[in-house]
Amino acid sequence: MADKLTPRALTTPRSAGIAGILFALLFVVIVVLISRVVPANPHDAGAWLTNSSNRQEVDFALGLVPFCGIFFLWFMAAVRSRIGDAEDRFFATMFIGSGLLFVAMLFAATVIMGGLLTLAGQHDGRPPIEVWQFGRATAFSLASTYALRMAAVFMIASSTIALRLRIHARPIAFIGYASAVLLLVVASTTPWIELVFPAWVALVSVNLLLHAYRVERTAAT
């Protein structure tokens, strides 16, 4: 029985760690590419739309979002697999529900933004201003208000589960609580605040990889 459980004990944390790091890297790249081109004010079309290279850069960033979502789902599945039969139904529901809503809203905002870029290209970078303002405000609200707050709920549920089951160090869980409160309060008002979430996921992922390494060394010994 011990021989059968050892591979899973090694593989699951490693899978979650790799997926989490890949998600964090892609998310940071997407935020940086979009933020350096798109104005912070959702009601401002901006001169960048008339520049085809700027539109292509944002379009490239949007093309990375599906892979970002896939890695996040992989991260969720691997973490839940490690929790196993010990998971609490209440916090498991919060964990799964908030994670899925985060990905869904991220995808929805991406679809809207992609449609706006296509419309801008058809009008030589000058789309109908009413359509642009409505679509841009909708995408901005989905991504920076609702998706990030679902990410905060995900962090709270994950940190609570981690504390109860001692999945990772207590300071990481407390960092998750503090980061979640930060996202809940200032998610849509502070520039670059969205980078808090991938930073926390990366921290958890590195801790999971270190745990897998320690388990591997113990098993080898």
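Worth pointing out:
- Rg followed by Dmax, in Å, when the chain is reduced to its Cα trace: 19.5, 67
- Peptide packing for 134-146, 70-82 was compared via the average number of neighbouring C-beta atoms within 10 Å per residue; ordered from the highest value, the list is 70-82, 134-146.
- Order of Met150, Met94 under a 10 Å beta carbon neighbour criterion, fewest first: Met94, Met150
- Selection from Thr118, Ala173, Leu73, by position along the positive dipole direction of the chain (Cβ): Ala173
Read-outs: derived from the displayed coordinates by stated rules, not from any lab. A quick note: this is a predicted structure, and the numbers were derived from the prediction, not measured. Ideal geometry is used to build each Cβ from the backbone, glycine not excepted, and the neighbour counts take in all protein chains shown.
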